[in-house]
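Working notes, beginning with the structure itself.
The values are calculated or read from the model by the stated rules, or taken from the named source; none is laboratory data. As the structure is a computational prediction, the values presented were derived from the model and not from experiment. Here Cβ is always computed from backbone atoms with ideal geometry, including for glycine, and neighbour counts include all displayed protein chains.
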Amino acid sequence: MLVNGQVADLGTRVDPERDHIAVDGRPIGAASDLTVLMLHKPAGMVTTMRDDRGRPCVGDLVRDRPERLFHVGRLDEDTEGLLLLTNDGDLAHRLMHPSLGVQKTYVATVSGRITEGTARRLCAGVHLEDGSARADAVTIRMAGDQRSVVELVLHEGRKRIVRRMLKSVGHPVLHLLRTCLGPLQLGDLPVGAMRALDAEEISALTAEL
């Protein structure tokens, strides 16, 4: 990544209103033209800009904005949480490219009592129909006889990967929330609300590239 023509070190701070940022020679978010929005996607909404079947979609929430926006990756219909929208399609693609390995954090409410042994299995890797998958970190937040709450951090971006991993170890997901994407945190952003990223957040995000 280049900032104002110079190679940027990891953690370099940039001001998207003034600095020129380029990846592989291509400008991203030419200063004030860059838009990056954080959305708390509700459950029951599909991650598309338009839906031919008439289902509620994230595009409905930004229909009146002047920019042509792209969603950064996807959350399945039943999953809620942090989703980014940007007018830079290349930025969206790069953030989700498997080679970059941007970390994502999820909090899952699952059926049954999850144990530390199961958490270790998820970190060691589980076998799925399309290959093995492993979490970078698993933290049990609450373990009860009927249900448990567990936090997973992973680089994976395959379809419904968190749900499939947890089902494979005997704990079907009851509710799933994405709380972090790279350095960005959902925080207390209400369900269905969105906000623009500030300069510091965009700087941290582009440092991931």
Open item on the list: Against the definition (out of contact with any strand residue (DSSP E or B) (no Cβ under 6 Å at 6 or more places or on another chain) and charged (D, E, K, R)), how does ASP88 come out, yes or no?
Closed with: yes
TODO: Check VAL126 against each of (1) at pLDDT below 95; (2) more than 30 Å from VAL36 (Cα to Cα) and name the one condition it does not meet.
DONE: (1)
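Consider THR115 carefully, then state whether it is without any contact (Cβ under 8 Å) to a residue 40 or more places away in the chain, more than 25 Å from ASP33 (Cβ to Cβ) and surrounded by 13 or more Cβ atoms within 10 Å (Cβ to Cβ).
Numbers: without any contact (Cβ under 8 Å) to a residue 40 or more places away in the chain: yes; more than 25 Å from ASP33 (Cβ to Cβ): yes; surrounded by 13 or more Cβ atoms within 10 Å (Cβ to Cβ): yes.
Criteria met by THR115.
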- [ ] Within region 64-92, track down each residue that is crowded, with 21+ Cβ neighbours inside 10 Å, without any contact (Cβ under 8 Å) to a residue 60 or more places away in the chain and over 11 Å from the mean Cα position of the chain (by Cα).
- [x] LEU69, THR86
TODO: Just give me the residues in region 139-174 being of a type in the set (D, E, K, R), closer than 19 Å to ARG120 by Cβ and surrounded by 14 or more Cβ atoms within 10 Å (Cβ to Cβ), in sequence order.
DONE: GLU151, GLU156, ARG164, LYS167
Open item on the list: Go through (1) crowded, with 16+ Cβ neighbours inside 10 Å; (2) of a type in the set (A, V, I, L, M, F, W, C); (3) touching a Pro at 6+ places or on another chain (Cβ under 9 Å) for ALA199 and report which single condition fails.
Closed with: (1)
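Is it true that ALA133 is surrounded by 18 or more Cβ atoms within 10 Å (Cβ to Cβ) and free of Cβ contacts under 8 Å to residues at least 60 places away in the same chain?
Details: surrounded by 18 or more Cβ atoms within 10 Å (Cβ to Cβ): yes; free of Cβ contacts under 8 Å to residues at least 60 places away in the same chain: yes.
When the stated conditions are applied, ALA133 passes them.
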Task: Matching residues in region 32-63 - criterion: being more than 19 Å from the chain's Cα centre (by Cα), surrounded by 12 or more Cβ atoms within 10 Å (Cβ to Cβ) and more than 23 Å from LEU205 (Cβ to Cβ) - done: ASP51, ARG55, PRO56, ASP60
TODO: Among the residues of region 93-111, write down those that are buried (at least 17 other Cβ atoms within 10 Å of the Cβ) and in contact with a helix residue (DSSP H, G or I) (Cβ under 7 Å, 6 or more places away or on another chain).
DONE: VAL102, TYR106, ALA108, VAL110
Open item on the list: Of all residues being within 14 Å of the chain's Cα centre (by Cα) and in a strand (DSSP E or B) in region 152-175, which is nearest to ASP78 (Cα to Cα)? Just the residue, please.
Closed with: LEU152
